[in-house]
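**Student:** Just dropping this structure here.
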Amino acid sequence: MERVAKKIKINDSNICINVVGAGLAGCEAANYIANKGYIVNLFEMKPQEFTRAHKSTDYCELICSNSFKNKSITSATGLLKQELIRIGSLILKCAYDNELPAGSALAVDRDNFSKQVTYSIKSNPNINIVTKRVNSIDELIVNDSTYTIICSGPLTTDNLADSIMSTIGDNNLYFYDAIAPTLQFDEIDFNYAYMASRYSSEDKSYINCPLTKEDYDKFYNFLVSAETVKLKKFEEQKVFEGCMPVEVLAKRGYDSLRYGPMKPVGLTNPHTNSKDYAVIQLRQDNLKASIYNMVGFQTNLTFPMQQQLLKYIPALKNCKILRFGVMHRNTYLDSPNILNKFFQMKSNKNVFFGGQITGVEGYLPSTASGLVAAINCIKEIRGKNKVDFSSSTVIGSLQNYISTPPIKKFLPMNANYGIMTPLPENIRNKTKKYEEYSKRSLEVLEKIISDYEI
Ligand SMILES: Cc1cc2nc3c(=O)[nH]c(=O)nc-3n(C[C@H](O)[C@H](O)[C@H](O)COP(=O)(O)OP(=O)(O)OC[C@H]3O[C@@H](n4cnc5c(N)ncnc54)[C@H](O)[C@@H]3O)c2cc1C
């Protein structure tokens, strides 16, 4: 491989920093490093080659929705925006510069957004663009003074994925998401729900959400007619044979769910002292038991349809979905095994990962992880303490999420309050409660920014 820039303006002429992928995470990372005075090689294969979803020659392509979600400071995604602004995020600046009217959401003109990011990156004198497909980690790790941040995204090319797998082990890289929606414990209505397990009266591990026949009829009719996401060609069904979307199962017949994931077998409802007609079970999703997932509910319903479906389940009618169900191609690491909370490989301090490949989910969490990886890469180079933003902030709770061993399989996660440290006291008014989360987060963040000179 031809190495283009090894110079560093600040303190060490031997240091070489590489970033792979000029998506959201990679551009954010390269921009941060360059603005700290270092020369950074940004490897991007576009426009020579494209993944199966990317089409534009510009960087930071938003391959699906043009929305960065809620702006309100009383939502976790809104708070994440405020945190990123305070750390000087290039992506968020360009997003606001290209904002379109979309109520409380930050929607952008995707083409102009990408053009602005691309211009900023290409005109930064410290960023050296290398247009090529990276095929192996070894190409980029030549000695102890070479640092690499891999931000090649959910559609990382096969050869690079193979190389990552041979470095970390076959079982530590996943290729598909088949995720059921997750919910916040304190929004579940226990006037309907109850804790019990099918197979043991002692075991209370599951939350059971009962449906009467009348409830089930309404639920079923909505489910079989609800809109689903159109899969891209490369995501079509073959890969999901063993893991059927709940709506596909439902379409096989009225009772198929009642004999499958919604079977009421082994459960007696303590509110009615009788068997339920159908039951949706929720399984604990994090150690704090603040998040639960819907067992057997992997789905391709659109996000608004998933949210609407909850209205037909009495125990869940007030829940806001934390992480929506998806079934799509997504290359991501088993990060708790591979990375520490600084997005740095446990087995190689010179290699960092950023973006969706680390198991964060969505445009902004990907941006945030690229930024955190870059901040900590610079700390590593300078021999300074690395930065844990702490779970009082959204950024820090993503750091902690990807580095904490899960109860079961590690699954990608977006920004939400369920992964943050709860407030010391329970505030019943939701707006007040989320204002408190924001206040706490921004105070903690300001101190960290100043203490660590970010
Ligand atoms: C089909 C699909 C739809 C999605 N829809 C949404 C959505 O609506 N909203 C949302 O928030 N998130 C969505 N996501 C997730 C979304 O991809 C991420 O949130 C975000 O793009 C991740 O940013 P990233 O920087 O990690 O990766 P990307 O933005 O994908 O950037 C990765 C970059 O790396 C480059 N690259 C890959 N391999 C190599 C290589 N070997 N050498 C050199 N360059 C390479 C790619 O060309 C690309 O430019 C979707 C994902 C998929 C797969």
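The values are calculated or read from the model by the stated rules, or taken from the named source; none is laboratory data. Being a predicted model, the structure only gives us computed values, none of them experimental. Reconstructed Cβ throughout: ideal geometry from the backbone, glycine too, with neighbour counts over all protein chains shown.
**Student:** How many of the residues in region 278-323 are among the aromatic types (Phe, Trp, Tyr), out of contact with any Asp or Glu (no Cβ under 9 Å at 6 or more places or on another chain) and surrounded by fewer than 22 Cβ atoms within 10 Å (Cβ to Cβ)?
**Tutor:** Result for region 278-323: 1.
**Student:** Looking at Leu411, Leu398, which is the one that is surrounded by 15 or more Cβ atoms within 10 Å (Cβ to Cβ), at pLDDT 95 or above, assigned by TED's automatic domain parsing to the domain that holds Gly383 and not charged (D, E, K, R)?
**Tutor:** Sole residue among the options that is surrounded by 15 or more Cβ atoms within 10 Å (Cβ to Cβ), at pLDDT 95 or above, assigned by TED's automatic domain parsing to the domain that holds Gly383 and not charged (D, E, K, R): Leu398.
**Student:** Let me ask something else about it. Being surrounded by 15 or more Cβ atoms within 10 Å (Cβ to Cβ), assigned to a helix (DSSP H, G or I) and at negative phi narrows it down to one residue among Val130, Val117, Val134; which is it?
**Tutor:** Val117
**Student:** Applying the selection to region 183-230, what residues are assigned to a helix (DSSP H, G or I) and of a type in the set (Gly, Ala, Ser)?
**Tutor:** Ser225
**Student:** Would you mind stating whether Ile395 is within 16 Å of the ligand (Cβ to nearest atom), of a type in the set (Val, Ile, Thr) and within 17 Å of Gln82 (Cβ to Cβ)?
**Tutor:** Considered against the rule, which asks whether it is within 16 Å of the ligand (Cβ to nearest atom), of a type in the set (Val, Ile, Thr) and within 17 Å of Gln82 (Cβ to Cβ), Ile395 comes out as yes.
**Student:** Might you check whether a residue that is at pLDDT below 95 and of a type in the set (Lys, Arg) occurs anywhere in region 333-345?
**Tutor:** There is no residue in region 333-345 that is at pLDDT below 95 and of a type in the set (Lys, Arg).
**Student:** Here's something else I'd like to know. Within region 436-447, count every residue that is surrounded by 15 or more Cβ atoms within 10 Å (Cβ to Cβ) and either in contact with a strand residue (DSSP E or B) (Cβ under 7 Å, 6 or more places away or on another chain) or touching a residue at least 60 places away in the same chain (Cβ under 8 Å) (or both).
**Tutor:** Adding up the residues that qualify gives 5.
**Student:** Answer yes or no as to whether Glu44 is buried (at least 18 other Cβ atoms within 10 Å of the Cβ), under 23 Å from the mean Cα position of the chain (by Cα) and within 7 Å of the ligand (Cβ to nearest atom).
**Tutor:** In short, yes.
**Student:** Please verify whether region 10-18 includes one or more residues that are within 14 Å of the ligand (Cβ to nearest atom) and either closer than 24 Å to Val229 by Cβ or touching a Gly at 6+ places or on another chain (Cβ under 9 Å) (or both).
**Tutor:** No, region 10-18 contains no residue that is within 14 Å of the ligand (Cβ to nearest atom) and either closer than 24 Å to Val229 by Cβ or touching a Gly at 6+ places or on another chain (Cβ under 9 Å) (or both).
**Student:** Confirm whether Gly383 is buried (at least 24 other Cβ atoms within 10 Å of the Cβ) and either at pLDDT below 95 or of a type in the set (Gly, Ala, Ser) (or both).
**Tutor:** Answer is no for this residue.
**Student:** Moving on to the next point. Counting only residues that are within 14 Å of the ligand (Cβ to nearest atom), give me the strands (runs of 3 or more DSSP E) lying completely in region 286-380 with at least 2 of them.
**Tutor:** Result: 326-333, 351-353.
**Student:** Starting from region 49-61, take each residue that is polar (S, T, N, Q) and list its partners that are near the ligand (Cβ under 8 Å from one of its atoms), counting only C-beta distances under 7 angstrom and pairs at least six apart or across chains.
**Tutor:** Within 7 Å, the pairs are Thr51/Leu155; Thr57/Lys46.
**Student:** Out of the residues in region 269-295 that are hydroxyl-bearing (Ser, Thr, Tyr) and at pLDDT below 95, state the one that is farthest from Ala193 (Cα to Cα).
**Tutor:** My answer is Ser290.
**Student:** Looking at region 250-277 only, could you name the residues that are surrounded by 18 or more Cβ atoms within 10 Å (Cβ to Cβ) and out of contact with any Asp or Glu (no Cβ under 8 Å at 6 or more places or on another chain)?
**Tutor:** Ala250, Leu257, Arg258, Pro261, Met262, Asp276
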